[in-house]
1. Counting other beta carbons within 10 Å of each residue's own, what order do B:578, B:343 fall into, fewest first?
2. Among B:231-244, A:62-75, how do they line up from the highest to the lowest mean number of other beta-carbon atoms within 10 Å?
3. Go ahead and run the numbers for FRET between residue A:55 and residue B:184, Cβ-Cβ distance against an R0 of 30 Å, rounding to 0.05.
4. Given the DSSP H assignment, sum -39500 (n - 2.57) over each helix run of at least 4 residues in chain B and divide by its residue total; what's the result at 222 nm in deg cm²/dmol, nearest 500?
5. Over all residues in B:12-25, what is the mean tally of Cβ atoms on other chains that come within 10 Å of each residue's Cβ?
6. Cα centroid distance between region B:404-421 and region B:290-314, in Å?
7. Quick check: the distance between the Cα centres of region A:22-91 and region B:449-463, to the nearest angstrom?
8. Among bridges DSSP assigns within the protein assembly as shown, what percent are antiparallel (round to 5)?
């Protein structure tokens, strides 16, 4: 069980299902297609605690298109749309 | 020797308990205003330290960093840096942290330290942290951060004692010149490095238990359930509106009879004449008819503040984000639009939480379509006079159904307008991101709520005492002068300025079924919608004597056709009948154009809706 993250391939958090748990590998704002500039999106994600090594868990999903998602990031919960969550690469 | 006023500033992330700490420190000694040039609420309070030092403390808008990506956050940054116009540089910055959630605040504090301002880290809600088994090595944390650290429990009596004595201790040594300001906007790499540094310090000084807050998880399992959550939200809104209409009723009737009795007293005490008429018809019935809404204003703000304090508002935004997104609205628009049911002014001011300009503009433009509490008196008056109070389908009250319908039409048209704006004006833009912290649930703090409600009630009464009072004096004047010539047989008001203005407007409003008395009432109704009721009262009172004023509903039922009444209801859903709202739109958008756009589109909708309603009603024989 301990090496599950080694065998699992990387994916954007924006594609994760409810109940998914993983660790943030890196941020890649240019892949998100957000209305924000890459720098702005990355800054905001970091300010909300999305940094490399943080443990994430998808706790809840919205009704329409399973969007937005509520993500546990270490000790806090953040609501974010899937579009922006595409910038967070997890494994 | 009298020491100068000590200036403190409270800085912290949203949900850090900053405002409850502010309320605990200052009690009701608060002054709410705006920062010059912007409509960011400026909250300043005062208190005295144990050693007798006079202190002023400013509660700055919550922020995650000093980058300043919204007007609120810019204020916080400029204030701390001493660049805010007309503000004193704070002598001491209190950085407030939620003890159960230090990550984001410690990062903010590391950034704040670069400004060189003297600073204290306040570990707020320390009791909750202790209960959850979180232990903080306060001494080590202070050493690692290079900043004094103090724990506090804002909601408990004496919970801020340590903070107060530390403030005394530090302010005694403040004479030394402040540190150098090395702050500049952080690059992404620096931001990441600061977060890592913060995480390292937390790992060294704080031990987190394995168990997170189980209550929050349990509540969220229901409240954030995709379907269950929406049902809970609908139930909460239902209770809220039920409360606004049903619970407020006895209090409103009490206020009403109080003002009636006062009017009677003036009538009986003073000799008949201009002064008696001015006090009874102009001042008491006019201002009284507005103050009657105080219970409803208090109840709606009580609900909003309770839900906010509990931590539910962020969840409501989460649930509504995509649903409102279909109409081109941002999830964060939910709270401002909800506030607009109380009054569009706080609603429009609350759009500041939406950091994207275009999302914010759309929300501002449709906020006045939400049925504000000022429309309630107009609706209730007309509904009770014209709609029979019978049951339909066995259990639904017809009057209540019409009221609900008026609300529903308001909401539906707001969504339609938003959709049209998105479709025609702001077509070429990707939706702004929705990123929001969902804080752990907390028991609402009664004292904090009470202070919040009190502040709002005070603002409402202030408005009633100034704007609305002066408009009532004006309408009384217009309705009373010039006096009729001696020996005239027609009612006195037929000779007044009000009648002249009303009759001049009548041809314009005749197609929608309005008579000149309505035209007269609509003019002061621009000051505040509810004044129209008082103005109708004044117009018909002066025309028909005292009995008419007491029974305004019955008078309307004899003077208006059903078609006119329905047309008036339709008019009130849409009409831009509120100068204060327009003024706030002008201020918030910084543009006369958007104010004119709002006024124009609402007027067109109102006229069209009334025209349609009136003609359909007449066609059905209600004319």
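Here, each number is a calculation from the coordinates, and none is a lab measurement. Values in this document were obtained by computation on a predicted structure and should not be read as measured data. All Cβ positions, glycine included, derive from the backbone under ideal geometry; neighbour counts span all protein chains shown.
1. Fewest to most other Cβ atoms nearby, the residues stand as B:578, B:343.
2. Ranked by mean Cβ neighbours within 10 Å, highest first: A:62-75, B:231-244.
3. 0.40
4. -17500 deg cm²/dmol
5. Average per residue, whole number: 0.
6. 23
7. After rounding, the separation between the Cα centres reads 39 Å.
8. 65
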